[in-house]
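Okay, structure first, notes after.
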Amino acid sequence: MSNKVQLKRRRAEYIGQKRAKETELTGLETDKKRLKAAIKSANEIKEDFDSENKTYSGIEIENNEWSGDTRNKADDKRDTLDEAVKCYGNKYDDAIEQMDSDLQKLETKIEGVESDITELSSSIESINRQLASN
């Protein structure tokens with residue numbers, strides 16, 4: 001009789017743990033879905049940025065169209081702008097890489113929680129078999 005009570009108690013504990021893991025899994029899956037949407041949006045923005053940057057970079061003024069001190073000042077400002085645009089692009093790439101890394105970590109965590117749920121389910125089934133045989 002005592003063994004049956006212990007088995008039922010352990011089964012109830014495992015069922016509670018399994019429910020908690022399932023709730024955690026639901027939250028992680030929601031986070032994964034939002035992160036994937038954010039990554040998709042960030043990649044689209046980056047593609048738009050790259051396209052506009054390519055157009056901007058393709059603009060050239062011929063030497064015979066503009067020269068002198070004003071041209072030199074404009075070239076200096078363009079160099080500064082080019083550097084700022086490049087820096088922005090690099091920061092955006094870094095942000096996308098970080099989101100990709102976060103997604104990988106999240107997927108690893110999801111796999112771990114799924115594994116925990118499988119183990120708990122197996123333990124519950126084992127206890128159910130033991131209780132049925134007694």
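Yes/no per residue for (1) within 25 Å of the chain's Cα centre (by Cα); (2) modelled with pLDDT of 95 or more; (3) on the phi > 0 side of the Ramachandran plot; (4) among the acidic types (Asp, Glu):
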| site | (1), (2), (3), (4) |
| --- | --- |
| 23 | yes, yes, no, no |
| 29 | yes, yes, no, yes |
| 68 | no, no, yes, no |
| 75 | no, no, no, yes |
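Given the residues 80, 70, which is the only one that is open to solvent by less than 90 Å² (accessible area, probe 1.4 Å) and of a type in the set (S, T, N, Q)?
Just a single option satisfies the conditions, and that option is 70.
Conditions (1) farther than 15 Å from residue 99 by Cα; (2) of a type in the set (D, E, K, R), marked per residue:
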position	(1), (2)
18	yes, yes
23	yes, no
32	no, yes
37	no, no
47	yes, yes
53	yes, no
Open item on the list: If residue 102 satisfies all but one of (1) open to solvent by 90 Å² or more (accessible area, probe 1.4 Å); (2) under 12 Å from the mean Cα position of the chain (by Cα); (3) acidic (Asp, Glu), what's the number of the condition it fails?
Closed with: (1)
Task: Number of the condition not met by residue 96 [criteria: (1) among the β-branched types (Val, Ile, Thr); (2) under 30 Å from residue 130 (Cα atoms); (3) touching a residue at least 12 places away in the same chain (Cβ under 8 Å)] - done: (2)
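In the range 1-28, how many residues are of a type outside the set (A, V, I, L, M, F, W, C), under 13 Å from residue 114 (Cβ atoms) and either touching a residue at least 60 places away in the same chain (Cβ under 8 Å) or not in a helix (DSSP H, G or I) (or both)?
Within the range 1-28, the first condition is being of a type outside the set (A, V, I, L, M, F, W, C), and the residues that meet it are 2-4, 6, 8-11, 13-14, 16-19, 21-24, 26-27.
Restricting the remaining residues to those that are under 13 Å from residue 114 (Cβ atoms) gives 18, 21-22, 24, 26.
Still in the list and also either touching a residue at least 60 places away in the same chain (Cβ under 8 Å) or not in a helix (DSSP H, G or I) (or both): 18, 21-22, 24.
Total meeting the criteria: 4.
The values are calculated or read from the model by the stated rules, or taken from the named source; none is laboratory data. In this text the structure is predicted, and so the values were computed from the model without any measurement. Neighbour counts run over all protein chains shown; Cβ positions are idealised from the backbone, glycine included. Quick note on the areas: whole protein, heavy atoms, side chains included, nothing else; ligands and nucleic acids left out. Shrake-Rupley method; radii C 1.70, N 1.55, O 1.52, S 1.80 Å.
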